[in-house]
1. Quick one: compute the contact order of the chain, relative version, from alpha carbon pairs under 8 angstrom and 6+ residues apart, as a percent.
2. When the helices in the chain are scored as -39500 (n - 2.57) per DSSP H run of 4 or longer and the sum is shared across all residues, what 222 nm value do you end up with, to the nearest 500 deg cm²/dmol?
3. Along the charge dipole of the chain, pointing to its positive end and built from +1/-1 on Cβ of Lys, Arg, Asp and Glu, which listed residue (Pro5, Ala89, Asn42) has its Cα farthest out?
4. Please identify the GluC sites (Glu not before Pro) of the stretch 16-124 that satisfy two criteria: DSSP loop assignment and at most 15 other Cβ atoms within 10 Å. Which are they?
5. What's the magnitude of the charge dipole for the stretch 2-123 around its Cα centre, counting Lys and Arg as +1 and Asp and Glu as -1 at the beta-carbon? Answer in Debye, nearest 20.
6. With an 8 Å cut-off on Cα pairs and a minimum separation of 6 or more residues, tell me the relative contact order of the stretch 11-55 in percent.
7. Among Val101, Val25, Val43, which one shows the biggest mean-square fluctuation in a GNM of the chain, springs joining Cα atoms closer than 10 Å?
8. Please report, to one decimal in angstroms, the Kirkwood hydrodynamic radius of the chain built from all distinct Cα-Cα pairs.
Amino acid sequence: MLYVPRGLLQATEDHLKREFPKEGVGLWAGRREVERVIPLPNVHPNPLSGYLAEPLALLKVLRELEREGLELLAIYHSHPRGPAFPSPADLKEARWRVPYVIFGTDGFRAFLLPEGREVEIVVL
């Protein structure tokens, strides 16, 4: 289960709107609940239909989170022209054992990938 304060959910949505029409990507970090929204550069060769967090920026953020005692709670990205459901590429490229939160044209949902099990999101 993911716990996210309404204001941080709005910050995430604002980030993804700024990235439109490209897919946006970022991290949710915290302890028990989301405390930080961390947008990352999308360096995918075709950012209109895919995402790839810039590796050095990702590494820097993960080190920073560790120093601050925060955990990576989720990875988020957008499907600007599709549903909040894992694409075949999302399933194939899933590497992290945290929920993937997908923001689509029909709202947002979280999944453990690649198995596809949905994770409940509680907005605080």
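1. Relative contact order comes out at 26 percent.
2. Result for the chain, helices only: -8500 deg cm²/dmol.
3. Asn42
4. Answer in residue order: Glu33, Glu115, Glu120.
5. 120 debye
6. It rounds to 34 percent for the stretch 11-55.
7. Comparing Val101, Val25, Val43 in a Gaussian network model of the chain, the most mobile one is Val43.
8. The Cα-based Kirkwood calculation yields 14.3 Å.
Values quoted throughout were computed directly from the atomic coordinates according to the rules given, and no laboratory measurement underlies them. Note that the coordinates shown come from a computational prediction; the quantities given were computed from them, not determined experimentally. A quick note on method: Cβ atoms are made from the backbone with ideal geometry, for glycine too, and the neighbour counts reach across all protein chains shown.
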